[in-house]
Amino acid sequence: MAPVGAALWRTLRAHQVYGANTDVGKTIVSTLLVKALSDRGKVGFIKPVSTGSLDDADDRHVERFTASNGNVLTKCLYQFDEPVSPHIAARSKVTPSDSEILNSLYTSLSCWSTSGVKNAVVETAGGVHSPGPNGNSQADLYRPLRLPVIFVADSRLGGISSSISAFESLLLRGYDIDSVLLFRDDYYQNHEYLQSYFTKRNIPLLAFSQPPLRPEGAIMADSRAQDHEVMEAYYTTIAAQSDIGSLLDEIEQRHVYRIKDLDSMSTRAYEAIWYPFTQHQDMQPKDITVIESAHGDFFQTFDANSGAQDGSDAPVLQSTFDGSASWWTQGLGHGNPELALTAAHAAGKYGHVMFAGAVHKPALTLAELLLKSLGNERLQKVFYTDNGSTGMEVAVKMALRAACVRYGWDSSKEEVKILGLKGSYHGDTIGVMDCSEPSTFNKKVEWYRGKGYWFDFPTIGMKHGKWRVSVPEVLIQDLGEGEEFDSLNDIFDLESRAGSALGQRYSNYIKDTLEQLVQEQGVKFGALIMEPVLLGAGGMLFADPLFQRSLADVVRSNPEIFGTASIASQTTTNWSGLPIIFDEVFTGLYRLGRRTSASFLNVDADIAVHAKLLTGGLIPLAVTIASKEIFDSFLSSEKSDALLHGHSYTAHAIGCQVAEVSVTRMIDMENQGHWNGFKRSWKSASNNSAEQGNGIWSQWSADLVQSLSGAECVESVFAIGSVFSITLRDLDGQGGYTSTAAKGLQQKLANGDAAGRFNVHSRVLGNVLYLMASMTSKPEDLKKIEVLLQGALLGWNCHGTAYPPDGGCIWLHSMIDGTSRLKGAYSSASLASEVPSQFNLIILSSDPGINGSALIATNDEEIDIEGVLQPVEGQETPAIFYFDSKTGRLVTTSETSYQERFAYTLYSNYTSSLRFDIASDISGGIYYPKFTVAADGSFSAGSNLTWAWCPDDFDAGNGYYLPGSITLGAIAKGCEAIDGLVAVAASS
Ligand SMILES: Cc1ncc(COP(=O)(O)O)c(C=O)c1O
């Protein structure tokens, strides 16, 4: 199902009617609106969810009183008979999911937008927070659409309070309220109070006279007729007397301004704003993404191609997957109502309050929570700052002081440097810039003086289905060529690897280098700084965890290298050698699937810095957490020995309170097994049978990593936690930050999936493109992104001029044509000479219902061979073919060659993989093109072959067969069961 985003069209003004409470007269207001709007053109009314008898349904009421001028369309999407709240009424029926409700609502509005309907009124049920069929508040359920609200206030006793409360609930969720309507009650006079309240907030309010009372008791036919007559008269009078015309003019204007604003924002931003990390010289307004709003993992972005000039009926906004998790901050989704409420509560309680020498509950509770839950017993003191850079700046100050105090160095006389890894990034304040080696980021910064030594290090990635530890050229002599592993779990099995030959080489090399630097060159080091596992901004470098672990171990177990000091008592929590700072600004707090990234290395840092995910992505806040011994280095009778550092907004109460809630939520999710589905699927893709539950996993599928790793254009690929990263071969340059190799892929993702109504906003780091999920990302949304990525990435070889002659990847464009078939085809002309000789064909499906369909293979003479597809995983004796998780390939157990073979397998997340072979044989005068199956089960094909996949009863002869095309006929479940189709070159 397509992700649903904000619904906005130039041609259609759609509004949502919310009520301050149930029974405040929403349907009467809707009827009045629809009646008045119908004088201005076609108008649609939708009741997405209705309960109670059909006859009393709100859409019927609206239809009854507005149908006369022929301009009104009415619709109810989901009807439940019981006259109770939808979540109760839905219990006895098959309940549509919230995304189904949203999708059908969006689809209805979208159809109207292209069929001349000028206005639409969407009426909710009950009050603002009345639950929808799945029990979620309507205000949350409909939020992704962000329809402007026509708010029906409550004119009854107590109505002022309920109206203002409901209004604030809508504001808190990011709704815009276009107008307020209510009934005049001359005794309670709510309309007068509310008029003044809403006028101050620039929201027009219109009060109608009270509607006639409905007949009481059993409704007989004649009383129904009488009621109808009375209501008809009421509607006619109000239409004539009230100021509803001006109100409609006003909301029409608001719609015009909303779109005008969006049309002009990029140009105005181009004039007014100096962007971060941006060379403005060649920048154009069109390069600026206009984000209208955001919800969950998606921005709602302005589609500049939506046709400002020609009154186009194209949607003005599109759902754009926030592929960088908004610079790696998002954890609990944009517009998260719980975090918004928490922030509002803290704002109401504190605003911002002074922190030096003071304390407030949010800062204290958060500090205690972090100390308790980060699992590092060294850490005892929490220092607050506002962002990752300042958090790291403080960490460096702490560590250097501790080292100078212990080793008796005078830093005003001799420079104290830091030890780190090449490609590190710790922020953009000048102090932490000095902690990174010279690079594009800092080489033009006038005050930059890199102060350190940075090790080259081996990196991890998958290529051709194998996890590889790649050693950089300059280290091969010392460390060897690297190694291959079956699974990421094996790579993270540090206790076993530490004793290996490679582990020994790492330790020896690190120790030799340090001795040389310190003893021969006289360098003084004051801290070891590392980003555990992933070096983000330096290019998503996945460091071999064993190298990082060895570095920490060598530093700690050889303190004599760095200086001489007599320590009164060396406790298990005191630092040794150098204070170790873990910069977990990016990698911490579940970004990599675990609470801390330090836990992957099994090393307790002396100072840990957390930021990005700390507040779930809502408010800037950072913590630098230090050990007691580091803290003690600042104790003295001199004020000047104290850590003289602080920020105006330090320990911002709103930030701390939001952080406390978001960290708690993420811990809850972990404890409640929220990510178990992802964990299970990675576990089944892993070959490590001993691996028990706490392994390495990602929200991105192992299949994605596997399939892309075979592409010729891909240097390497990996996924861990919420991070997916792909390094593209840079044919023109050397890779790195200045490379433009990933730009093409970025553009393809930005072009998006037209049918699926979404695209992807991504950031690239030279030849690296990465994508990031949040902790709340839905598997089905990520799957869509994966399919888009596979299409975008595996496709360009096929269509580019440089199709690699030695194999590569083929993307088979999937589309549903008029005959409801899904076809994949690539240029038949170039096929014969360019098709790789070995490949696997992967069908992506999120629907297990595709099992049992027949597979029909057809050669270029339209000869069909049929076999039934069957999932083979989990069967004791795999039928002919099975998926070998060791090699990541489909292999056959059949020893018979020169025979037809069909295979279909189902593995994690219903992603299906199929491949089949046809023998070279002359049988009954039929020529079968030649296929061979190698001993390892890999498959070699010549050219001029076609394949089809259909249910038993489908006449495959109707297929559209071109040499080299693939046709998937209508299948038992329908073509919508297929999400994508990829052919991946098998490694030779
Ligand atoms: C590892 C690391 N440290 C520090 C920083 C700086 O954080 P901020 O941008 O919040 O200043 C970043 C930012 O990306 C980072 O990735």
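Throughout, read-outs are computed from the coordinates displayed, never taken from laboratory work. Just so you know, these numbers come straight off a predicted model, no measurement behind them. So basically every Cβ, Gly included, is an ideal-geometry build from the backbone, and we count neighbours across all protein chains shown.
Points worth noting:
- Using a cut-off of 24 Å between Cα atoms, the listed pairs Lys612/Lys683; Lys466/Lys612; Lys397/Lys612 include Lys612/Lys683; Lys466/Lys612 as exceeding that distance.
- Backbone HN-Hα couplings from phi across the range 507-516 [Karplus 6.51/-1.76/1.60, Hz, Gly and Pro as x]: 4, 4, 4, 5, 5, 4, 5, 5, 4, 5
- The length gained by stretching the chain between Asp176 and Glu229 to full extension, at 0.36 nm per residue less their Cα-Cα distance, is 15.5 nm.
- FRET efficiency, Trp327 to Lys778 (Cβ-Cβ, R0 22 Å, nearest 0.05): 0.55
- Distance between the range 246-286 and the range 399-477 - C-alpha centres, whole angstrom: 41 Å
- Cα centroid separation, the range 57-78 to the range 130-202 (Å): 24 Å
- On the basis of the beta-carbon distance and an R0 of 25 Å, Asp261 and Gln747 show a calculated FRET efficiency of 0.40.
- Fully extending the segment from Leu341 to Gln281, taken as 0.36 nm per residue of separation minus the present Cα-Cα distance, adds 17.5 nm.
- Label-point separation, Ser373 to Ala358 (7 Å along Cα→Cβ), nm: 2.7 nm
- Residues in the range 173-178 carry Karplus couplings, in order, of 9, x, 6, 9, 9, 7 Hz; the curve used is 6.51 cos²θ - 1.76 cosθ + 1.60 with θ = phi - 60°, and Gly or Pro positions show x.
- Peptides ranked, highest mean first, by Cβ atoms within 10 Å: ranges 269-281, 377-389, 508-520: 377-389, 508-520, 269-281
- 18 Å Cα-Cα reach of Lys422 towards lysines, excluding residues that sit fewer than 8 places from it in its own chain: Lys443, Lys451, Lys511
- Segment Ser246-Arg214, length gained on full extension (0.36 nm per residue, minus Cα span): 8.6 nm
- Each of Val149, Gly159, Gln195 was scored by the projection of its Cα onto the charge dipole of the range 141-238, and the greatest displacement toward the positive side belongs to Val149; charges sit on the C-beta of Lys, Arg, Asp and Glu.
- Those lysines that a straight Cα-Cα span of less than 17 Å connects to Lys47, excepting residues fewer than 8 apart in one chain: Lys26, Lys35, Lys75
- Estimated dipole of the range 51-118 in Debye, rounded to 20 [Cβ of Lys and Arg +1, of Asp and Glu -1, Cα centre]: 200 debye
- Peptides 201-210, 232-241, 158-167, 639-648 ordered by average Cβ neighbours within 10 Å, highest first: 158-167, 201-210, 232-241, 639-648
- Summarising the amide proton neighbourhood of Ala622: residues at separation of 5 or more, or on other chains, whose placed amide H is nearer than 5 Å comprise Thr385, Asp386, Asn387.
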